[in-house]
1. What number of residues within segment 69-109 are touching a residue at least 24 places away in the same chain (Cβ under 8 Å) and among the hydroxyl-bearing types (Ser, Thr, Tyr)?
2. Regarding segment 49-60, can at least one residue be identified that is over 15 Å from the mean Cα position of the chain (by Cα) and without any contact (Cβ under 8 Å) to a residue 40 or more places away in the chain?
3. When Ile118 is evaluated against the numbered criteria (1) among the aliphatic types (A, V, I, L, M); (2) more than 22 Å from Ser50 (Cα to Cα); (3) touching a Phe, Trp or Tyr at 6+ places or on another chain (Cβ under 9 Å), which criterion, by number, is the only one it fails?
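Bear in mind these aren't lab numbers, they're just calculated from the coordinates by the rules spelled out. Since the model is a prediction, treat every value here as computed from it, not as a measurement. Quick reminder, even Gly has a Cβ in these numbers, built from the backbone with ideal geometry, and neighbours come from all protein chains shown.
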Amino acid sequence: MSRNVEGKKDFWRVLAALIFPPLGVFLQVGLGGAFWLNLLLTLLFYVPGSIHALWVIATTGPGGRKAGPEGTKDFWRLFLASFFPPVGVFLQVGLGGAFWVNLVLTLLFYLPGSLHAIWVITTRD
C-alpha cells in the first residue's frame, strides 16, 4: 500500500485519537492490550490517553508490526503538532510553503492549523 493511501488512513486515526483516544487505538490495533490500556488511561486522565494513542498509531504499522525509528519521529511530530502545529510541520517539511500556510492558519485559528499539521505529517514523506 502506498504511503499516500496509508497516510490518509493515519490522518483519520490520529484525528479520532485526539477526539476519543480509544477509538484511534482500536482502529490501529483492534481490541488488544493497547486498546484496554488506552481506555483505562483515557478514563483516568484524558491527556495521557491521547498521548498513548498517538504513540500506538505512530509506532505500530499495519498488522501490528513495529514502525521502527521513523515511527518514533512521527510520534514526536504529531505530539508537537498537537500543541505547536508549526513546529510539527517544520520537522516534517522544513521551511517550505506548507510551514508558512500552517503558521498563518495557527495564528488566525488554532484548530485549522492543528488539522493542517496533522494532514501534512500523515500524508507527506
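1. 1
2. So far as segment 49-60 goes, no, none of its residues is over 15 Å from the mean Cα position of the chain (by Cα) and without any contact (Cβ under 8 Å) to a residue 40 or more places away in the chain.
3. All conditions are met except number (2).
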